[in-house]
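The values are calculated or read from the model by the stated rules, or taken from the named source; none is laboratory data. Given the structure is predicted, the values throughout are model-derived calculations rather than measurements. Here the Cβ positions follow ideal geometry from the backbone for every residue, glycine too, while neighbour counts run over all protein chains shown.
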Amino acid sequence: MNPYPESMWAAVAELAASSERGIIAIDGPAGSGKSTLAHNIANRFTENGRSNFTVHMDDLYNGWDDALTQTLTNSLSTLVSAHLAGGSLVLPRYDWLASHYAEPIHAPAVDLLILEGVGSSQRAIRHQLSLSIWIECAAEMGLARVLAREPAIDSARMQEWQIREREHFERDESKVAANIKILT
C-alpha cells in the first residue's frame, strides 16, 4: 500500500516533467518519515531521467543548540539561491561525534533539490519552493522511531528537541503553509 496521497505523486510527476529547476521541501517532526519520503521522491526523479540531490537538515544544523536558528536559515537561503542560479552546491556538514562542522559536501548542479528535515520549509525560502510537503506522526511514535534508529541519542535530549521543533513549527507556520500534508 502506498502511504502517500496521489495528489503528492501528481505534483511530483508534474515537476519531473518540467524543464524548470525545482525545489521540494519535506518538513515535519523527527521520526515522521521525511528521509524515506525524500528517498522515494528522488527515485521517481531518477526514473524520469532527472538529476536530483537531497540535502539533509542534520548536515546543516550547527549542533543541538544552534539548529533551528538563523544559521540554518542562512544555509538554506544560500543553497536555494545557488540551485536556482544553476550552480553547484557546497553544503556545510556537521559532524555530530566531533561537535563541529567538518569538510563540506560538494554537489553538482541538479534538476531537483530536495530539502529534507526539521526546518526545511522555512518561511525565508518558502516562496522559492516548487512543493512543500508536511509529514507527521504521533510524537510518541516519532520519538520511538528516532531512538530505535539512533541508539546513541539520549531520550531526554530528544524530548527537548521535540519541544524546540514544535515551537519552531508554530512560529514558522510550517504545517499551515505546506501544499501537501501527510499523516504516517
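A few remarks follow.
- Flag if residue 60 is within 21 Å of residue 139 (Cα to Cα), surrounded by 16 or more Cβ atoms within 10 Å (Cβ to Cβ) and in contact (Cβ under 8 Å) with a residue 12 or more places away in the chain: no
- Number of positions in the stretch 22-57 that are among the small types (Gly, Ala, Ser) and free of Cβ contacts under 8 Å to residues at least 40 places away in the same chain: 1
- Any hit, the stretch 3-23, residues being under 21 Å from residue 167 (Cα atoms), at pLDDT 95 or above, surrounded by 20 or more Cβ atoms within 10 Å (Cβ to Cβ) and within 17 Å of the chain's Cα centre (by Cα): no
- Pairing each residue of the stretch 162-176 that is touching a residue at least 24 places away in the same chain (Cβ under 8 Å) with any residue that is of a type in the set (Ser, Thr, Tyr) and surrounded by 14 or more Cβ atoms within 10 Å (Cβ to Cβ), provided the two are 6+ apart or on different chains, yields C-beta distances under 9 Å for 168/174; 172/121; 174/120; 174/121; 174/132.
- The number of residues in the stretch 101-137 that are farther than 29 Å from residue 184 by Cβ, touching a residue at least 24 places away in the same chain (Cβ under 8 Å) and out of contact with any His (no Cβ under 9 Å at 6 or more places or on another chain) comes to 2.
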